[in-house]
Each structure stands twice: as structure tokens, then as C-alpha cells.
Amino acid sequence: MNAFMEMSSCHTNVGKFSSFPCDRFEQSSSNASLSVLVVDDEPVLRELVAFILLDKGFEVCEAESGDAAYHMLSQRSFDVVVSDVRMPNGSGVDLLKRINDLIVKRPAVFLVSGYSEISLEEAKSLGARDLLSKPVDYDQLCLAISRCATH
């Protein structure tokens, strides 16, 4: 098994879980058509975001670094990438730059940061759809991702 397979996983358990904690956001059948790649080196945060998005009907894959995410993106397309900014083995900003160079069908990219190492203006100039602050408002994230279905 190659190293990238160990660092990534995909889930399609649509609507399997109870509504938590994205309570104001309703599950929608249009969500099931959206694939989301969640990238974070902190397993608990990555799995929490994946759990919430799965509950709302999205197809979700996970990667623990920008390098692992880039490998996954070179193998298949995603509609949305939600990536932490600060990570070893490829930051979210590095991933965003690499996505701009690689992808023909470019996913919407949302960067998440607990620090001020990148401004919203800089993130958008690099092609990010938005820059979200930690702790993430999961309702805001779910709505932002759902809006990608209409664009």
C-alpha cells in the first residue's frame, strides 16, 4: 500500500448520522452530488468536519496534508476542497497554488486558519473561495459548500 493511501480516506454515508452540530442547515439531495475533500493534519478536526459534512449528505474524502490532498486531486476531481492553512507536508496555501497549476476542472477551495498567516485578500487573489477562521462555524461552512452546487 502506498503512503498516500494510508493518509486518506473517502466516505459516502449519506444522512447516516444525527443532526450535529450543523443544526440550522438542512440535508439536501443536491448535497449528495457534491464531493468534498477535507484536508487537515489534526485528525480530530478533520474527522469532525468530515462527520458533519457526511451528515448533511455530501460525499467526503479526507487527507492529512497538502501533499496527500494533491495526490488525491491528481487521481480524481472534487467539487470543493476545505483545507487547513498551517500543516506539515504541504500547507493549504501551497496546495491552493498547486491546484491552480494542475486542475482543469478546478474545485472551489475554502481555507481554514486559526492564525493570521494569510489575509482574506491574499487567499482570494490565490483563488480561494473564502478564508474561514477557527473555530469554524459549521452552519456557515455547510451553506458555503452548498452554494457551490449553484455556481
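The values are calculated or read from the model by the stated rules, or taken from the named source; none is laboratory data. Please read all numbers here as calculations on a predicted model, not as lab measurements. Neighbour counts run over all protein chains shown; Cβ positions are idealised from the backbone, glycine included.
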*Within the range 49-76, restricting attention to residues that are of a type in the set (Gly, Ala, Ser) and not in a helix (DSSP H, G or I), which residue is farthest from Leu143 (Cα to Cα)?*
Ser65
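Among the residues of the range 77-89, which ones are under 9 Å from the mean Cα position of the chain (by Cα) and either of a type in the set (S, T, N, Q) or more than 18 Å from Leu141 (Cα to Cα) (or both)?
Looking only at the range 77-89, we keep the residues that are under 9 Å from the mean Cα position of the chain (by Cα), and these are 80-84.
Across the range 77-89, the qualifying residue is only Ser83.
Condition check ((1) touching a helix residue (DSSP H, G or I) at 6+ places or on another chain (Cβ under 9 Å); (2) of a type in the set (Asp, Glu)) across all residues:
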site: Asn100; (1), (2): no, no
site: Arg106; (1), (2): yes, no
site: Val109; (1), (2): yes, no
site: Val112; (1), (2): yes, no
site: Tyr115; (1), (2): no, no
site: Ala123; (1), (2): yes, no
site: Asp130; (1), (2): yes, yes
site: Val136; (1), (2): yes, no
site: Cys142; (1), (2): yes, no
*Is it true that some residue in the range 33-48 is within 15 Å of the chain's Cα centre (by Cα), more than 24 Å from Leu143 (Cβ to Cβ), at pLDDT 70 or above and not in a strand (DSSP E or B)?*
yes
*If you take the residues in the range 77-104 that are farther than 20 Å from Val60 by Cβ and not in a loop (DSSP other than H, G, I, E, B), which one is modelled with the lowest pLDDT?*
Leu102
_Subset of the range 114-151 (residues that are surrounded by 12 or more Cβ atoms within 10 Å (Cβ to Cβ), among the hydroxyl-bearing types (Ser, Thr, Tyr) and closer than 18 Å to Ser35 by Cα)_ = Tyr138, Ser146
*Number of positions in the range 104-127 that are in contact with an Asp or Glu (Cβ under 6 Å, 6 or more places away or on another chain) and of a type in the set (Val, Ile, Thr)*: 1
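Is it the case that the range 110-117 has a residue that's among the hydroxyl-bearing types (Ser, Thr, Tyr), at pLDDT 90 or above and over 16 Å from Phe58 (Cα atoms)? Spell out the reasoning first.
Residues of the range 110-117 among the hydroxyl-bearing types (Ser, Thr, Tyr): 113, 115-116.
Okay, now just the ones that are also at pLDDT 90 or above, so none.
No, every residue in the range 110-117 fails to be among the hydroxyl-bearing types (Ser, Thr, Tyr), at pLDDT 90 or above and over 16 Å from Phe58 (Cα atoms).
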